[in-house]
Each structure stands twice: as structure tokens, then as C-alpha cells.
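What follows draws every value from the coordinates through simple rules; no lab data is involved. This one's a predicted model, so the numbers in the text were calculated from it and none came from an experiment. Note that we place each Cβ from the backbone using ideal geometry, even for glycine, and neighbour counts take in every protein chain shown.
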Amino acid sequence: MDSVLDCATESRGSVCEIKELSEIPGFIQVVPGVFTEDECKRLIDIAEQTGFVKAALYTDNVGVEHFSDIRTSLRCIIDSHGFATAFLDRIKDYVPTEFNGKPLVGINERLRILKYQPGDEFKPHIDGKYVSPTGAISQITILIYLNEGYRGAYTCFHNGETWIPIIPKVGMVVLQDQDLYHCVPALEEGVKYAIRTEVMYQMPETPRGDYKTITVTV
């Protein structure tokens, strides 16, 4: 996984202006073209070779996984510092250097590759936050779309009145405030692959240090 991405000194892609998203109460950016089709295919192949298991709703601080019918999909977890570093280089123009009064630390190196099959869904929710041993806390969820051509299971955000879907494109990245209410309706046809990780920020009351993989997964 570390070698899938070459380090880039400049950001890739450009923010896609979607009128409906401007009505969503919170930070959200859609950036197509961050990854190539070949890179996405390689990421899918690595996940399939590693193997998928049923996705837990969350894993608590003592390592116990908790399952719920709120979420039905498969997941493969891979830690990759090299990927996280190169990925941040690619999207640095779109990542706030400060969020909710906290300075940027980096991208969470814990990658959750998600696989949705027909009937799988993630009911309306807001994302849980991660806290690292060094005091970094997640504030922004990152979604990387690895394929397209399936039907249903589009990530939908609520603007207070209705759900607004994001139609995926291969290599597209979405950055979202973790307090945004959203869902993934049931997949109707095909297979969906995506990656979730987070942007990590330092809590002011804790000393800054090297970021290490957190122990809680969602």
C-alpha cells in the first residue's frame, strides 16, 4: 500500500462546485481526479488480496468490536504511513490547516477499504471521532471513491429538508465535517469500493508529537 502513490509536490484535482452542496450546513468539498484509474484498481486489488470481513459499527478502546444493523458492508483495514503522507501532498490545497481552533497534524494512516454488495447500506448517522495517543483528534472524514458504474449506495448529505447524493467518479475525494448528517442508502446493483480515513488535528491542551495510528476504528 505504501508504494501505490508517488509523492506529489502539488495538489491534484480541483474542487467541484455543486450548487446543492452549498446548502449543507458545514464543511464539505468534492475533489474529482485525485487518483488515477490505475491507482484505484491497484488499491482494490490489494484490498481483495488482503481480504474483507464484516464491518463493525465501531471498536472500543479495549479492542471489542460492536456490530449493528445500522451498518451492513464489508471492510479491510490497512495501515500505511507512506500512503497517508503522499495522499496529503495531493490534497493539501483542500485541507484546512486549522479546524475548530485546532492545528493540522496529518492524515490518519489507518485506511478502511469498504466494499458494498447489493443490499448493503449505512443508515443516517454522524461520524465518530478518533483520538490518537498523542492527542490528535479527527475533525474531517475523507472518502475516496475507487470505482463507479454501480447503482445506489451514493453517499447522501442532509441539508435540513432533503437528502443530496454525491454521484461517485473513479478517483474522486470527498472531505466532510464529521458533524454532518449523512447516509449510504442500500446498494441496488453492482459492487461499490471506497476508502475512509480522516484528517487529524491537534488538541490545544496536549503536546504536539509524531502521529501514531489510533486504536479505535469506525
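A Förster distance of 22 Å, applied to the separation of the beta-carbon atoms of LYS123 and VAL53, puts the FRET efficiency at 0.65.
Pairs exceeding a 18 Å alpha-carbon distance, out of LYS54/LYS115; LYS19/LYS192; LYS41/LYS123; LYS41/LYS115; LYS41/LYS92; LYS54/LYS192: LYS19/LYS192; LYS41/LYS123; LYS41/LYS92. The local environment of ILE164, defined by Cβ-Cβ distances under 11 Å, has a net charge of -2 under the rule Lys, Arg +1 and Asp, Glu -1.
Working from Cα pairs under 8 Å separated by at least six residues, relative contact order for the chain is 29 percent. Its Kirkwood hydrodynamic radius, worked out from the mean inverse distance over all distinct Cα pairs, puts the range 19-202 at 16.8 Å. Between VAL64 and HIS158, the C-beta separation translates, for a Förster distance of 35 Å, into a calculated FRET efficiency of about 0.70. Taking amide H positions as modeled 1.01 Å from N, with prolines and chain starts lacking one, the residues under 5 Å from THR155 and 5 or more places away or on another chain are ILE166.
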